[in-house]
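Every number in this text was worked out from the coordinates using simple rules, so none of it is lab data. Here the structure is a predicted model, which is why all the values come from computation and not from measurement. Using ideal geometry, Cβ is built from the backbone for each residue, glycine included, and neighbour counts are taken over all protein chains shown.
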Amino acid sequence: MDYKSVIAENISKVTELPEDQIFKLIETPPQKDLGDFAFPCFILAKSLHKAPAMISEELAGNESLTYNGMFSVKNAGPYLNFYIDRSNYAADTITRINEAGDKFGAAEDGKGQNVIVEFSSPNIAKPFHVGHAFTTILGNSLSRIYDRLGYNVIRMNHLGDYGTQFGKLITAYRLWGDKDALDNDPITELLRIYVKFHEEAKKDPSLDDTARENFKKLEDGCPEEVELWQKFRDMSLVVFNKLYDRMGVAFDNYNGESFYSDKIPAVVDMLKSKNLLVESEGAQVVMLDEYKLPPCIILKSDGTTIYASRDLAAVLYRKETYDFNKNIYVVGTPQALHFKQVFSVLKKAGYDFADDCVHVGFGLVKFKDMVFSTREGNIVLLEDLLDAAVAKTREVIEENAKQRGQDMSEEEISDIAEKVGIGAVIYTYVKSGREKDIVFSWEEMLNFNGNSAPYLMYTYARIRSIMRKAKDAGLTPSSDTEVLGTLTGDDAYSVISALSGFEADVKKAAAVYEPFIISRSLFETASAFNSFYNNCRILGDDIDVKDSEARLALCEAVANVLKSGLYLLGIETVERM
């Protein structure tokens, strides 16, 4: 049960103030003795013509606000304070979580609605570096969140597989390409010749003319250029997909920029028919003065396409094909102006679904005292970062196993290190607001006692260990509401309070496109649980069986929420560490 929503609904019935408005005003008091929730009555003073403190006093005496005894209600000055009945709260929260299992947080809010999430979108023939990981991890998490809320999610990888750079690549390969090197390590070889092209073009500017000619041939569908382009694309995807598989990322659609090339003439015709295209310095543009934006270029002066023209073709295709309710672009914040222009062109052309298109931006990736022996100079490859994280995690796992005398096979250690290491990297991208820059630090990433994936995963593994010991002792988590209702102590209540907010946090994460709301919720839950674990024994011959079974049920609820939330972030759990 969402207690905050229940309180908002009941206050709305008594005051006739809109429920959503009340919900936004409900606060969590800074001190426990002031209740679990508080509603400030200032907003009612004008309509009721009374002082807020008087309104608060009158409302406190209204029995309907107690919701059949679930709350006790007291007034404190202008505030109306709600105290949850801890016994009912514990039984209700734990029962709902454990009945839902590790899918807790699921809902049908999005039933029948299509949501497109475009993310990752690497450039063909270029290395997959740590910057690309931001869009990949953020987009994957948002996809899972929307899917969990019942939306039909279409995951799109809008590959950067078109543009003048391919004219350069085709030119470079014909001049300096090594077929064997390309077959052996395609990305490295393609990057080598791409860099060489730019070096040589400084000495011989005619190379740029040749590159433009080759790209024009590619756009015109000339067989030789198309064949080379297809080869570069296919080889790059093989490399990218290995990384995606490793990170648990999947896509429904790989339509890149090239897919929309033959659809651009229809976009140009549409804009012309609406008298929106004008010529500016030889280029065809749409003026956006009324949106206080610079002109959006549709065709360059040489007649070739640009990002905006391809994105316009893409969004029109997506609307026709998927009839989306929301079209989300997970692309770096520097592209904010580009998307404002594209959406504004759509709006100006009379397409109201432009309002359903959303740009989800994110910050930069930085490093703190981290050194990599990258294969590409100053580019930090994601694969290198993952390998380093897994290797360092493996050292910790092996040392911990040695200290505890755990008998772990080589296969198990490798599996745990892979999952925890990759989880540590993923969590670094989603533990703070997406618009904040990421600063990598091994100490923070692999901290088993701080706000990190290893800490959350270790908490989950600790609970699984408790459950195995309980099973050996013949104990199981209770599902009896009376037994669960005994979990009213402060330590247990802190855990239950953290758990009860998870459902609302999943919905909020979707509403504001912020997976960190879930990571924050998980960290609060894990922190509260570990305090409970340290202060309240769960198993032991001197502990009443019902107490043990109630505490085991709480443990199970925490494990279910951690597994559900970590999945939504893109992180796998492990049974022991």
Dipole of the chain, positive direction: furthest Cα of 206, 106, 574, with charges on the beta-carbon | 206
Using θ = phi - 60° and the Karplus curve 6.51 cos²θ - 1.76 cosθ + 1.60, what whole-Hz ³J(HN,Hα) does each residue of segment 346-362 get, with Gly and Pro shown as x?
-> 4, 4, 5, 7, x, 9, 5, 5, 4, 5, 8, 9, 10, 9, 9, x, 8
For the charge dipole of the chain, defined by +1 on Lys and Arg C-beta atoms and -1 on Asp and Glu C-beta atoms about the Cα centroid, which residue among 420, 518, 564 has the Cα displaced farthest towards the positive pole?
-> 518
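Compute the length gained on full extension between residue 293 and residue 449: take 0.36 nm times their separation in residues and subtract their Cα-Cα distance, giving the result in nm to one decimal.
Values: separation 156, 0.36 × 156 = 56.16 nm, distance 4.78 nm.
Additional length available on full extension: 51.4 nm.
Listing 368, 392 from the residue with the fewest other Cβ atoms within 10 Å to the one with the most, what is the order? Intermediate results must be reported in sequence, preceding the final value.
Numbers: 368 10, 392 17.
Taking fewest neighbouring Cβ atoms as first place, the list is 368, 392.
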Would you mind checking which residues have amide H under 5 Å from residue 80's amide H? H placed 1.01 Å from N; only 5 or more apart, or other chain.
-> 39, 41
Expected unfolding gain across residue 231-residue 21 under the 0.36 nm per residue rule, minus the alpha-carbon gap, is 69.9 nm
Would you grab the residues whose amide H sits under 5 Å from the one on residue 299? Only those 5+ places off in sequence or on another chain, please, with H modelled 1.01 Å from N.
-> 284
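Total Lys pairs in segment 450-577 closer than 19 Å by alpha-carbon, pairs eight or more apart in sequence or interchain only?
Working: 469/546; 471/546; 507/563; 508/563.
Final tally of qualifying lysine pairs is 4.
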Using Cα atoms only, what is the angle between the long axis of helix 264-273 and the major principal axis of the chain, expressed in degrees (0 to 90) to the nearest 10?
-> 90
What ³J(HN,Hα) values, in whole Hz, does the Karplus curve 6.51 cos²θ - 1.76 cosθ + 1.60 give for segment 94-100 when θ = phi - 60°, with x put for Gly and Pro?
-> 5, 4, 5, 5, 6, 6, 7
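How large is the charge dipole for the chain, taken about the Cα centre, if only the Cβ atoms of Lys, Arg (+1) and Asp, Glu (-1) carry charge, to the nearest 20 debye? Show your work: numbers first, answer last.
Details: 65 positive and 88 negative charges, 171 e Å.
Computed charge dipole of the chain: roughly 820 debye.
So what is the calculated 222 nm ellipticity per residue for the chain, using -39500 (n - 2.57) for each DSSP H run with n of 4 or more, over all residues, to the nearest 500 deg cm²/dmol?
Values: 23 runs with 321 residues, N = 577.
Here the helix-only value at 222 nm equals -18000 deg cm²/dmol.
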In nm, give the distance between the simple-model label positions of residue 32 and residue 14, each being 7 Å from the Cα along the Cα-to-Cβ direction.
-> 2.5
Taking only pairs that are 8 or more places apart or on different chains, how many Lys pairs in segment 3-84 have Cα atoms under 19 angstrom apart?
-> 11
Given backbone amide H placed at 1.01 Å from N, residues whose amide H is under 5 Å from that of residue 439, ignoring those fewer than 5 places away on the same chain, are 366
So for 103, 203, fewest C-beta neighbours within 10 Å to most, what's the order?
-> 203, 103
Paramagnetic label zone (point 7 Å from Cα along Cα-to-C-beta, residue 5; backbone N under 15 Å) in segment 54-91 = none
Taking the Cβ-Cβ separation of residue 58 and residue 152 as r and a Förster radius of 60 Å, what is the calculated FRET efficiency to the nearest 0.05?
-> 0.80
Calculate the spin-label point distance for residue 217 paired with residue 473, positioning each point 7 Å from the Cα along the beta-carbon direction, and give it in nanometres.
-> 7.6
Can you list the HN-Hα couplings for segment 25-32, worked out from phi with the Karplus curve (6.51, -1.76, 1.60; θ = phi - 60°), rounded to whole Hz and with x for Gly and Pro?
-> 8, 5, 10, 9, x, x, 10, 4
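FRET efficiency for residue 47 and residue 242, Cβ-Cβ distance as r, R0 = 51 Å, nearest 0.05?
Values: r = 62 Å, r/R0 = 1.22.
Efficiency for this residue pair is about 0.25.
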Given segment 147-262, what count of lysine pairs have C-alpha atoms under 29 Å apart, with each pair 8 or more places apart or on different chains?
-> 28
Percent antiparallel among DSSP beta bridges confined to the chain, nearest 5, equals 55
Ranking of 222, 296 by count of other Cβ atoms within 10 Å, fewest first | 222, 296
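So how much slack lies between residue 281 and residue 224, counting 0.36 nm per residue of separation and subtracting their Cα-Cα distance, in nm?
Details: separation 57, 0.36 × 57 = 20.52 nm, distance 3.28 nm.
Answer, rounded to one decimal: 17.2 nm.
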Between the Cα axis of helix 164-176 and the main Cα principal axis of the chain, the angle (0 to 90°, nearest 10) is 60
Estimated distance in nm for a label pair at residue 76 and residue 368, the labels positioned 7 Å out from Cα along Cα-to-Cβ | 3.6
